[in-house]
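Visitor: Quick one: the structure is below, questions incoming.
The values are calculated or read from the model by the stated rules, or taken from the named source; none is laboratory data. In this text, all values refer to a predicted model and were calculated from it rather than measured experimentally. Cβ placement follows ideal geometry from the backbone for every residue including glycine, while neighbour counts extend to all protein chains displayed. Calculation scope for accessible area: heavy atoms of the full protein, side chains included, ligands and nucleic acids excluded. Shrake-Rupley method; radii C 1.70, N 1.55, O 1.52, S 1.80 Å.
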Amino acid sequence: MINQHPDHLRHPDEICSTDPRNRSYDLTLHDMHEVAARLALNQSVPEDIAVQFETSKNVYLYSWFVYRFYPVARLHALTVLELALRNRFEAELPDSYRGFKGRTTLKKMIQYGKDVGVLQNEAFESHRHRAEVRARTRHFFEMVEYMSNNDIETMEVDESKIEITDEDRAFDTLGMLIDSLPAIRNLHAHGSTHLDNDAYTTLKIVSEIINQLWPLDAGASDTPKNETGEPDA
């Protein structure tokens, strides 16, 4: 076995060796593939954009071998997002949502998608999860107060009484993404030594935005595209 620095150019005999920094996680290469495969786009997404996103997924998968591919996967996914937004909105984007000399920008295109209702908070899994957690937390404290006031020691949670309210949904996920996604893209695109392995979160968000840009038609198949761009059998 060749002893070489994991950040240097790989020796041909070490190309398929796991990056040692990934060995500290309770994951396998098959786990990584399963996670990447979940990031499926709707059949209605244009093929050229779907193929570009498959590249992001492949870079993420190959991060198993090269740890420094994680930020590369994240940056590539954000460039695919900008491509998708431009493809979807270029023809209709008002001048007020354009940058210098009428150029399209990632931030303003996301803002436009939000303002015209194409992009919605409820379409993000993280938003729905946050709302559910807030509802469950409120229900828990209501139970504690009821038990305390009525001298009750134990109660079972009644799932049917956990109601997600507008207040629980009030967090503006898109408002946060309008600022954070361009900032993350610029961090990497303009040069950075920042390194972490949380590329999946960005890829997940990008897939959710792209799927909102091209939602499934009422009569269309809901079968997502696989790694080849073809419907799963």
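Visitor: Answer yes or no: is there a residue in the range 49-69 that is farther than 22 Å from residue 184 by Cβ, open to solvent by 40 Å² or more (accessible area, probe 1.4 Å) and under 19 Å from the mean Cα position of the chain (by Cα).
Guide: Checked against the condition, which is being farther than 22 Å from residue 184 by Cβ, open to solvent by 40 Å² or more (accessible area, probe 1.4 Å) and under 19 Å from the mean Cα position of the chain (by Cα), the range 49-69 yields at least one hit.
Visitor: Further question: Would you say residue 83 is open to solvent by less than 30 Å² (accessible area, probe 1.4 Å), under 19 Å from the mean Cα position of the chain (by Cα) and modelled with pLDDT of 95 or more?
Guide: The answer is no for residue 83.
Visitor: Still on this structure: Across the range 193-221, what is the number of residues that are within 27 Å of residue 122 (Cβ to Cβ) and modelled with pLDDT of 55 or more?
Guide: Of the residues in the range 193-221, 20 are within 27 Å of residue 122 (Cβ to Cβ) and modelled with pLDDT of 55 or more.
Visitor: Now for a separate question. Identify, please: which residue in the range 62-104 is outside any loop (DSSP other than H, G, I, E, B) and of a type in the set (Gly, Ala, Ser) and is, among those, nearest to residue 203 (Cα to Cα)?
Guide: 77
Visitor: Another one. On the given criteria, is residue 59 part of a helix (DSSP H, G or I) and in contact with a His (Cβ under 9 Å, 6 or more places away or on another chain)?
Guide: Yes.
Visitor: Given the conditions (1) open to solvent by 80 Å² or more (accessible area, probe 1.4 Å); (2) under 27 Å from residue 170 (Cα atoms); (3) not aliphatic (A, V, I, L, M), and given that residue 97 satisfies all but one, which numbered condition is not satisfied?
Guide: For residue 97, the exception is condition (1).
Visitor: Between a first residue in the range 167-196 that is within 19 Å of residue 80 (Cα to Cα) and touching a residue at least 60 places away in the same chain (Cβ under 8 Å) and a second residue that is of a type in the set (Ser, Thr, Tyr) and in a helix (DSSP H, G or I), which pairs have beta carbons less than 7 Å apart while being 6 or more apart in sequence or on different chains?
Guide: What qualifies is 184/202.
Visitor: Just to confirm my filter: which helices (runs of 4 or more DSSP H) fall fully inside the range 111-219 and include at least 1 residues that are open to solvent by 80 Å² or more (accessible area, probe 1.4 Å)?
Guide: 125-149, 173-189
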